[in-house]
Amino acid sequence: MDVNKIKGNINPKAPVHSTRIRVGRSIDGFGLSPGITKEQRFGVENLMRKAFANLKGDLAGSYFPLTGMNEKVRQQLVDDHFLFVSGDPNLKMAGMERDWPEGRGIFHNKDKTFLTWVNEEDQLRIISMQKGGDVKAVFDRLARGIKAVGDSVKAESGKDFMLDSKYGYVHSCPTNLGTGMRASVHIDLPGYTKVGLTVLQARCEELHLQPRGTRGESGGQTGVTYDISNKHRLGYSEVELVQKMIDGVNILHKEDEALRKAHGI
């Protein structure tokens, strides 16, 4: 995950609100979410408490367990859009919300640009995010964060992240096999909104991108702001997927400008 291999960045004139890149990771010796035991879940959390304490510099921060979380902290995490909650029917059906909220929590650094969710859908969801469209900065922080977390887990437990030679990093959901990486931006596309969502979806398919509403995977679409991300996880490197996202978003922005002009927006 070498940020120096990424060519260019998102056009600074593009109306990008924010950039977010995440990966999932699982630790050897602990069950995946559908079958993990209560004891193993606590084992992951206790290991991560120690691992997070070793993070330095801009990655250093605090861990907030969901169990016993005070209302002031909870509300701040809600306001920051960091808090994951129970109730997803797919996770429930798969047995991933057993013993909720025990053994689960959120880590974030002081600047709130580097996060890790513990025992949500995956054992770990490692996230880098910030306002604006500087994808390279977000990717650089993510790469450093993944390495730091992995090195700290190894130092504390002797364990590595689950990695298969053919299928890549192992996750609870098969759609995340491979890199487990989703690189996304929130961007305004009023021109594509005018011509319709189906047109945008078809264009994103050609560019190997995936459009969503800003409310998440199943939250629907409102207004002219879209979540645009890489479509694939498997068969490409992290650098290749981030490059696809950067190049594709720049193309969409240029085309959206033409559509706005054509429709007088």
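The values are calculated or read from the model by the stated rules, or taken from the named source; none is laboratory data. Note that the structure is predicted; figures quoted are calculated from it, not measured. In this analysis, Cβ positions are derived from the backbone assuming ideal geometry, glycine residues included, and neighbour counts consider all displayed protein chains. Each accessible area value is taken on the protein alone, full model and side chains, heavy atoms only, with ligands, DNA and RNA left out. Shrake-Rupley method; radii C 1.70, N 1.55, O 1.52, S 1.80 Å.
Of all residues in the stretch 7-42, those that are crowded, with 18+ Cβ neighbours inside 10 Å and either assigned to a loop (DSSP other than H, G, I, E, B) or without any contact (Cβ under 8 Å) to a residue 60 or more places away in the chain (or both) total 8.
Among the residues of the stretch 113-126, the one identified as surrounded by fewer than 23 Cβ atoms within 10 Å (Cβ to Cβ), at pLDDT 95 or above and not in a strand (DSSP E or B) is T113. Here L66 meets the list (1) modelled with pLDDT of 95 or more; (2) in contact with a Lys or Arg (Cβ under 9 Å, 6 or more places away or on another chain) almost entirely, failing just condition (1).
Residue-level check: of (1) of a type outside the set (V, I, T); (2) open to solvent by 70 Å² or more (accessible area, probe 1.4 Å); (3) in contact with a Lys or Arg (Cβ under 6 Å, 6 or more places away or on another chain), G61 misses just (2).
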